[in-house]
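The values are calculated or read from the model by the stated rules, or taken from the named source; none is laboratory data. Bear in mind the structure is a predicted one, so any value in this text is a computation, not a measurement. Glycine gets a Cβ as well: all are built from the backbone with ideal geometry, and neighbour counts include every protein chain shown. Quick note on the areas: whole protein, heavy atoms, side chains included, nothing else; ligands and nucleic acids left out. Shrake-Rupley method; radii C 1.70, N 1.55, O 1.52, S 1.80 Å.
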Amino acid sequence: MTPEINTARLLNSFMELCAIDAEPTKERAMADRLTTLLTELGVTVTEDDTGSRLGGNAGNLYATLPGSGPGETLLFSCHMDRVVPGCGVKPQLAGEYIVSDGSTVLGADDVAGLAAVLEGITAVREQGLPHPPLELLFSVAEELSLQGIEQFDASRIVSSCGFVLDAGGPVGEIVVKAPEQVRLSAVIHGRAAHAGIAPQEGISAIQIAATAIAGMKLLRIDDETTANIGSIRADGPTNIVPDHCELSAEARSTDPARLAMQVASMRQALEDAAQSAGGRVEISVRSNYRSYRLDPASEPVRRAGEAARRLGLNVRHRSTGGGSDANFFNEWGIPTAVLCCGFEKVHTCQERIAVAELTRLAQWVAAILTGAGE
């Protein structure tokens, strides 16, 4: 039996959470409210010290709930933060959708997941339906390349499979493949000179950066690989040839070999440009998170698919170009699928979610819970 969802309660919870300020590293109010709501459900909540490690004001919330029926422990995870501008959100109904007032993001990424998990658990418990033991992990600083979950002590997790509610697309779709992200940072050194009197004696660090970028293949590389220059920083007066420039870039791919080739080509472009101009470059490369691929027969994909079909949802397995906390769970050996949440136009002030999709998402959570012992 799949429990009935209280749509009015779900909508109120969603609206309330969206209105709480929760930009990355500033999730204190959100963490406090979620702790209260979870405690009222009988969930035991603890908070780690990730906030202090990242210079933030809140840590990851880890919560447990004993089972009332058979089945192994299941993990559900969402993130508490949202992209900037994510403070002063004024959620409102616009026909069949929930939107912001247009001056901020809505925060459905990832409040939709938070509200759906809360409502799914509430519905199951108040209707007396059996469910397995649960672990909940609500992370901070997810929008900063998953920095929050990276700090979490993975040894605390006992679940053998998990579900992360954090992807756009119709409810019922399941992400089974996600990329690794590599951050590439470069410090370019040139030589200063007076730009009006003796520019020929200088070596422009900005020009080296421009030449390197012009020689890179960027944006969509192939069906599995992307690359982007995020920023170039060089401050100085126009009458001095700049001798210093900093560049930040990234590359992603679900194929490790293709990712390695892309990063190598970006490095080579920087080194060649610096050498040709007579400058030099210092390059650092860091993998922010690893890629994963889940077999359709894996436990979380199978369970999520069966639950979705019981609800009459269209089930589709797909890949994504974005990372999520699931990248770390899978790296830690906990097979974890990402459930699509129905939100649209994320990371923009036009972000929205249909009330019907939000309701289906909560139903999906409840269906996974009540079908776990089958």
* To do: Give the cross-link partners of K26 among the lysines, using a straight C-alpha distance below 26 Å as the criterion and excluding same-chain residues fewer than 8 apart.
  => K90, K345
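Based on the mean of other beta carbon atoms within 10 Å per residue, what is the order of 158-170, 355-367, 301-313, most packed first? Walk me through the numbers on the way to the answer.
Details: 158-170: 22.0, 355-367: 24.2, 301-313: 18.5.
Top of the packing list down: 355-367, 158-170, 301-313.
Run the accessible area of the chain with a 1.4 Å probe and give the carbon-and-sulfur part as a rounded percent. Could the numbers behind the result be given before it?
Numbers: 7670 of 15380 Å².
Roughly 50 percent of what the probe reaches on the chain is carbon or sulfur.
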* Asked: Taking +1 at the Cβ of each Lys and Arg and -1 at the Cβ of each Asp and Glu, which of Q92, L10, A251 sits farthest along the dipole of the chain towards its positive end, judged by Cα position relative to the Cα centre?
  -> A251
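Taking 8 Å as the Cα distance limit and 6 or more residues as the minimum spacing, I'd like the relative contact order of the range 211-293 as a percentage. Spell out each step's value before the answer.
Details: 84 pairs, mean separation 23.7, N = 83.
Relative contact order of the range 211-293: 29 percent.
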* Three semi-axes of the equivalent ellipsoid, the chain, Cα gyration tensor, whole Å, largest first -> 44, 22, 18
* Structure fact -> So, over other residues within a Cβ distance under 10 Å of Y62, counting Lys, Arg +1 and Asp, Glu -1, the net charge is -3
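R233 to E306: extension gain in nm, 0.36 nm per residue of separation minus the Cα-Cα distance? Can you show the working numbers first?
Working: separation 73, 0.36 × 73 = 26.28 nm, distance 5.00 nm.
Between R233 and E306, full extension yields an extra 21.3 nm.
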* Treating the beta-carbon of each Lys and Arg as +1 and of each Asp and Glu as -1, no other charges, what is the dipole magnitude of the chain about its Cα centre, to the nearest 20 debye? -> 580
* Say we join alpha carbon atoms closer than 10 Å with springs in a Gaussian network model of the chain; which of R316, R191, R33 then has the biggest fluctuation? -> R191
* Asked: What's the local net charge at E23, with K and R +1, D and E -1, over the other residues with C-beta under 10 Å away?
  -> -2
* Asked: Hey, what angle do you get for helix 205-214 against the long axis of the chain, alpha-carbon based, 0 to 90 degrees rounded to 10?
  -> 60
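Order these peptides, 319-328, 137-146, by their mean beta-carbon neighbour count within 10 angstrom, highest first.
Values: 319-328: 21.9, 137-146: 24.9.
The packing order, highest mean first, is 137-146, 319-328.
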* Structure fact -> Amide H contacts under 5 Å for G169, restricted to residues at least 5 apart in sequence or on another chain and with H modeled in the peptide plane, are C341, G342, F343
* How would K90, K177 rank on accessible area, largest to smallest, probe 1.4 Å? -> K90, K177
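Please compute the per residue accessible area over the chain with all protein chains in place, 1.4 Å probe, rounded to a whole number of Å².
Working: 15380 Å² over 374 residues.
On a per-residue basis, 41 Å².
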* What share of the DSSP beta bridges in the range 146-290 is antiparallel, in percent to the nearest 5? -> 95
* Structure fact -> Expressed as a whole-number percentage, the relative contact order of the range 290-339 with C-alpha contacts under 8 angstrom and at least six residues apart is 49
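Sort 48-57, 258-267 by packing, meaning the average of other beta carbons within 10 Å per residue, with the highest value first.
So the order, starting with the most tightly packed, is 258-267, 48-57.
From Cα pairs below 8 angstrom and at least 6 apart in sequence, can you work out the relative contact order of the chain, rounded to a whole percent?
24 percent.
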